[in-house]
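Below is one structure; the comments refer to it alone.
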Amino acid sequence: MFFTDPVRTPEPEVTASRLPSGSAIVYRTYGAPDAEARARRLLAIARSRGLKLLIGQDVGLARRVGADGVHLPERLAHRAAPLKRTHPGWIITAAAHSHHAARLIGADAVVISVALPSRSPSAGPALGPVRLAARVRAAGRVAYALGGINNKTARRLLGAGLIGLAAVEGFGA
């Protein structure tokens, strides 16, 4: 999964064009005036490369551009199940920053952060492999780790018994 960020990845199309098939782009618009045009460019890249495009939080934009689904922040995660009912073909993911939220979210998958120490300006204290593993077990669904994941640190997660946990890396960061 590649999460866009207007500061850290100002040209998400460049990163998206390098992602391996099967990856997902989570386009977070942050109120950008060109959000729909950029979403359509990212969707074209996704379709040509075998990727999925999820729109961060903006259900209307996801509908308008024909995205593959949405990613919800934790504060909106309660909308996952109703969205899944109205859009059964969509992929719905949601942030799960707390143990409680990881259990309750009705999404297809959860994104758990902050997994490991990260240089991201928005990153809080890292969970580490043991607490991350507990959060993944509590989620009871597909879980993606966000924060501090790279080729080296992913091995730590595998060593902690998190086989099957898909890592999320901040491409271009």
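Counting charges near VAL14 (Lys, Arg +1; Asp, Glu -1) among other residues having Cβ under 14 Å from its Cβ returns a value of +2.
By other beta-carbon atoms within 10 Å, ranking VAL130, VAL26, VAL59, VAL70 with the fewest at the front produces VAL130, VAL59, VAL26, VAL70. Net charge of the neighbourhood of ASP5, taken over other residues with C-beta under 12 Å away and scored Lys/Arg +1, Asp/Glu -1, is +1. Dividing the mean sequence gap of close Cα pairs (under 8 Å, 6+ apart) by how many residues the chain holds gives a relative contact order of 17 percent. Taking ALA139, ALA95, ALA123 in turn, the Gaussian network model of the chain (Cα-Cα springs below 10 Å) assigns the largest fluctuation to ALA123. Residues GLU11, GLU74, ranked from the fewest to the most other C-beta atoms within 10 Å, line up as GLU11, GLU74. Of the residues ASP34, ASP68, ASP58, which exhibits the maximal mean-square fluctuation in a Gaussian network model of the chain defined by a 10 Å Cα contact cut-off? Looking only at ASP34, ASP68, ASP58, the largest GNM fluctuation is found for ASP34. Dividing the helix sum by the residues of the chain, where each DSSP H run of 4 or more adds -39500 (n - 2.57), gives a mean residue ellipticity at 222 nm of -10000 deg cm²/dmol.
Helix by helix through the chain, keep the DSSP H runs that span 15 Å or more along the axis on Cα and average at least 0.0 on Kyte-Doolittle, and give those back in order. Passing helices, by number: 128-139. Extension gain, ARG49 to ARG63, is 3.0 nm, computed as 0.36 nm per intervening residue step minus the present C-alpha separation. For the options PRO12, PRO125, PRO73, a Gaussian network treatment of the chain with springs between C-alpha atoms closer than 10 Å singles out PRO125 as fluctuating the most.
Each of TYR30, TYR144 was scored by other Cβ atoms within 10 Å of its Cβ. Arranged with the fewest first, they read TYR30, TYR144. In this simple spin-label model, placing a label point 7 Å from the Cα along the Cα-to-Cβ direction at both ASP108 and ARG141 gives a separation of 1.1 nm.
Every number here is computed from the coordinates shown, using simple stated rules; none is lab data. In this text the structure is predicted, and so the values were computed from the model without any measurement. Because the Cβ atoms are built from the backbone with ideal geometry, glycine has one as well, and the counts that use them run over all protein chains shown.
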